[in-house]
Amino acid sequence: MKIQKPLLMLLNSLLAIAPGNLGAQTETTASAEPEEVLRAVSVVPHERQVAWQRLEFIAFIHFGVNTFTDREWGTGKEDPKIFNPSRLDCRQWAKTCRAAGMKQIILTAKHHDGFCLWPSRFTEHSVKNSPWRSGHGDVVSELAAACRDAHLKLGIYLSPADLNAIERGVYGSKKPAQKQVIPSPRPGWQPQSPERFEGVWDEYNTYFMNQLFELLTEYGEISEVWFDGANPKPGTGQTYAYQDWYALIRKLQPKAVIFGKGPDVRWIGNEAGGSRREEWSVVPIPVPPEQYTWPDMTDADLGSRARLKNAKNLVWYPAETDVSIRPGWFYHAREDGQVKSLEHLLDMYYRSVGGNSVFLLNVPPDRRGLLHENDTHRLAELGAVLSSTFTDNLTRGATAKASRERVGKPEFAGAKSVDGDRETCWTTEDGVTRAEIEYTIPRPRSFNVAMIQEQIRLGQRIESCAVDAWVAGAWKELATATTVGAKRLLRFDPVEASKVRLRITASRASPAIAEFGLFNAPLILAPPVVQRNREGLVTVTAKPGVEIHYTLDGAAPNIQSKLYEKPFALPKGGVLRVLASAAKGVFFVGTNSETRCEFGLAKTKWKIVSADSEETRAGNHAATQAIDGDPRTSWTTQTRPTSPGFPHELVIDLGETVEMAGFLYLPRQDRGAAGLVSQCEFYASADGQSWGAPVARGDFGNLVNNPIAQKVSLAKSISGRFVRFVALASADGKPAAGAAEIDVIPARP
């Protein structure tokens with residue numbers, strides 16, 4: 001991408017200025033900034049990072065053998081013959097993503113199970129040994145073609161962890177490393193690229209780099225390579241030749257950013273669409289980039305002045321926010337009614353795209369090989385709202401009056417912040433770190449969203465800012481923000497005005513604003529909020545102007561379903577589906593919005609009989625909190641260094657004999673805390689003394705980043721009064737166990 005000459009000249013001039021001249025300053029008084037702050041300002045993105053940041057909203061496609069086994073993490077032992085989508089249509093994927101406003105699709109070409117969605121020459125565990133397309137199919141090829149037709153970028157997810165390679169003895173092999181040439185020769189194969197890579201690698205790194213070579217040379221331009229840090233089976237001793245992987249990617253696809261365990265893009269730190277109050281793209285690392293093993297950066301503070309103070313190395317390392325449109329990452333039919341609401345998706349969009357991040361939204365194809373109708377409908381709604389909101393920028397044609405500008409440099413005047421050109425910018429004189437700019441639009445307009453974009457080619461500078469509107473003869477503050485970076489979106493109550501002011505209240509150097517915008521977002525129909533207490537009383541709430549209808553038999557609710565008027569008792573549990581719709585005379589954007597909840601038995605009579613331990617220090621994680629009906633509280637075993645490890649157990653008296661059909665385990669909801677159980681057993685007893693064999697076993701994947709409720713069904717119902725929950729292992733490898741809630745699903749007549 002070509003940088004305009006004036007901007008390039010400004011970049012060069014700013015980087016050439018002596019550190020003392022870039023000090024913090026009020027509009028009239030200068031003071032020297034610490035050296036580490038000046039160094040941070042001088043760190044700028046590579047062109048591939050700029051191009052990636054401008055994608056803003058991209059798609060994730062999780063598809064593979066897990067789609068057909070109904071799992072989140074596979075085992076590596078799956079028979080390739082189970083992969084057989086009946087109507088796979090990558091053009092439907094691309095069309096749906098394009099309509100939603102997405103600009104790239106990343107495909108799980110190989111997940112942790114090791115199954116390859118392309119006919120790799122280096123393994124038999126791939127689509128070539130499946131019945132799909134009679135063994136001649138290639139999902140990567142079909143998606144690449146669909147992306148080209150839809151003008152979408154293509155990204156590739158290739159899991160470093162590979163359970164099938166473990167099963168074959170390739171991953172964690174004790175064989176000594178040998179001199180290798182990538183690509184390794186295969187009969188009848190003439191590689192499309194003439195590039196060759198020589199080195200000394202072990203068996204798995206050779207295998208992995210051959211797969212990278214295939215993917216990066218046979219499917220056209222690849223814009224992002226995604227390395228997941230998760231490993232379902234650690235401890236094999238396998239290490240990764242990351243630096244050699246990076247070198248191969250840089251040579252074969254120089255425009256591609258490397259995500260996660262790589263030097264270009266980092267993980268936001270959660271899989272819930274969360275974001276930081278301050279999202280700095282410049283972060284410190286302890287060693288030079290070429291020596292660094294990139295970790296997951298999950299701290300709330302990554303780039304503040306305090307973190308910069310003793311930094312030895314600074315890098316431009318922006319964040320990507322990944323989340324799924326459903327509770328799980330792979331398709332599960334039971335989640336068809338749990339597609340995230342339009343309001344929820346919009347909230348995540350504003351916090352990610354509008355919080356100096358790129359929004360990566362997962363949409364998993366079903367067993368047909370299609371994106372499910374519920375998902376495509378929701379994405380169409382999302383795309384329509386984003387288009388209607390951001391198509392009309394009210395500052396187009398506005399006049400701009402800045403308190404400070406670069407003297408004699410009209411190419412950096414205030415008007416450049418509303419000219420619709422991301423390559424221009426308004427900036428102040430060197431050292432002026434507090435300034436304001438007033439915008440006047442031709443006539444009063446109503447708006448509820450403001451957009452601020454820094455010229456990130458000049459680094460990230462703004463530490464705090466505010467937006468005001470001229471209302472009733474005075475300035476009214478609408479919203480404030482900390483960092484800006486590539487884009488900050490601020491939402492506030494609707495206001496009508498013709499004059500708006502942007503105030504830069506703190507900056508690490510002279511601010512450089514590429515664009516400022518005002519928009520009017522429509523009112524969105526939000527899903528109802530459902531709560532049930534320990535006694536089984538259900539309460540449903542929604543916004544004013546919303547009617548609530550519900551069903552208790554699992555059927556989809558409509559406006560003819562029972563009308564919610566007051567709290568009601570649901571002591572025996574069941575599937576509650578609640579629909580929010582606009583009341584007569586009220587207009588919302590979005591179709592009727594549904595909430596689905598599955599409840600177990602009410603816990604009115606429940607008591608804790610015993611727990612092998614409980615953490616009753618700070619936080620009071622007593623065993624009773626696993627049955628209090630409040631998902632915000634939790635039981636946790638002791639976390640002292642001397643505390644015993646697994647197994648841990650909790651025994652519950654249900655207060656009466658019941659017929660059980662299954663159990664629900666809700667992990668702790670306070671992210672980052674210990675006690676997430678990945679493997680467990682459930683026992684049932686009539687007297688609390690005789691237990692026999694376990695009646696059910698739970699094996700849960702990916703709880704650390706996606707701590708959703710886990711359902712464990714029984715092959716046939718069983719009668720009992722006492723339940724024993726035995727935790728066998730944790731998702732984070734720590735010795736503690738815990739639960740936000742444990743529920744019993746009663747057998748239905």
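Each part gets one Cα centre, and for the stretch 186-202 versus the stretch 598-668 those centres are 55 Å apart.
Please find the FRET efficiency linking residue 86 to residue 301, where r is the Cβ-Cβ separation and R0 is fixed at 60 Å, and quote it to the nearest 0.05.
Details: r = 49 Å, r/R0 = 0.82.
It comes out at approximately 0.75.
In the stretch 149-224, what chymotrypsin sites (Phe, Trp or Tyr not before Pro) fall in a loop by DSSP, with at most 16 other Cβ atoms inside 10 Å? Write down the numbers at each step before the final one.
Working: sites: 157, 171, 189, 197, 201, 204, 207, 208, 213, 219; in loops: 171, 189, 219.
Qualifying residues, ordered by number: 189.
Charges were assigned to the Cβ only: +1 to each Lys and Arg, -1 to each Asp and Glu. The resulting dipole of the chain about its Cα centre is roughly 700 debye.
Between residue 179 and residue 239, the simple label model (points 7 Å from Cα in the Cβ direction) yields a spacing of 2.1 nm. Over the stretch 529-599, the hull volume per residue, using the convex hull of the C-alpha atoms, is 82 Å³.
Could you calculate the contour length gain from residue 569 to residue 407, that is, 0.36 nm times the residue separation minus the distance between their Cα atoms, to one decimal place in nm? List each step's numbers first, then the result.
Values: separation 162, 0.36 × 162 = 58.32 nm, distance 7.10 nm.
Additional length available on full extension: 51.2 nm.
Just in the stretch 541-588: which trypsin sites (Lys or Arg not before Pro) are loop by DSSP and have at most 15 other Cβ atoms within 10 Å? Working shown, then result.
Details: sites: 562, 572, 577, 584; in loops: 572, 584.
Those satisfying the criteria are 572, 584.
With a ≥ b ≥ c taken as the square roots of the eigenvalues of the C-alpha gyration tensor of the chain, please select rounded if a/c is under 1.5 and otherwise prolate if a/b is larger than b/c or oblate if it is not? Verdict is oblate for the chain.
Say the cut-off is 18 Å between C-alpha atoms; which of 110/251; 110/233; 340/487; 416/487; 81/128; 110/261 go over it? In this structure, 110/251; 340/487 lie more than 18 Å apart at Cα. Our note on the geometry: Cα centres of the stretch 326-342 and the stretch 28-82, 23 Å apart. The alpha carbon gyration tensor of the stretch 258-398 gives principal lengths a ≥ b ≥ c with a/c of 1.5 or higher and a/b no greater than b/c, which makes the shape oblate.
Each principal axis of the Cα atoms in the stretch 607-746 has its own extent, and those three values, largest first, are 37, 27, 26 angstrom. Cross-link partners of residue 572 among aspartates and glutamates, defined as those whose alpha carbon lies under 18 angstrom from its own and excluding same-chain residues fewer than eight positions apart: 535, 553, 598, 628, 630, 653, 656, 659, 741, 743.
FYI, it's all coordinate maths here, none of it is from the lab. Since we're looking at a predicted model, the values are computed, not measured. Backbone-built Cβ (ideal geometry, glycine too); neighbour counts: all protein chains shown.
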